[in-house]
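The values are calculated or read from the model by the stated rules, or taken from the named source; none is laboratory data. Just so we're clear, the structure is a prediction, and the values are computed from it rather than from any experiment. So basically every Cβ, Gly included, is an ideal-geometry build from the backbone, and we count neighbours across all protein chains shown.
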Amino acid sequence: MRPSNRAWKLTGVAAVIGVVATGVLVTRNERERRAYTPDEVRERLQQRLKETEQDVGRATERD
């Protein structure tokens, strides 16, 4: 059986909605990312590095 034209139209509309929703999310995330100054980015990366090093240190102590 072949799907009706209505099914194809609904599939197309759903695809368009998905593309638009993805674009909105990407744009929002990009705006948030650009809101940081270079110093803030550096501080955040250094903090994440310290946290990761601490987590690795704890994991090796348990073994």
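Overview of results
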read-out: Cross-chain or 6+ apart pairs with Cβ under 9 Å, the stretch 3-23 first and free of Cβ contacts under 8 Å to residues at least 60 places away in the same chain, then in a loop (DSSP other than H, G, I, E, B); value: 11/3
read-out: Near pairs, Cβ below 9 angstrom, 6+ apart or cross-chain, from the stretch 44-63 (of a type outside the set (Asp, Glu)) to any residue that is surrounded by 10 or more Cβ atoms within 10 Å (Cβ to Cβ); value: 44/36
read-out: Filtered residues of the stretch 1-38 (kept if of a type in the set (Ser, Thr, Tyr) and either assigned to a loop (DSSP other than H, G, I, E, B) or modelled with pLDDT under 85 (or both)); value: 4, 36, 37
read-out: Residue list for the stretch 26-44, filter: surrounded by 10 or more Cβ atoms within 10 Å (Cβ to Cβ) and of a type outside the set (Val, Ile, Thr); value: 28, 29, 30, 36, 40, 42, 43, 44
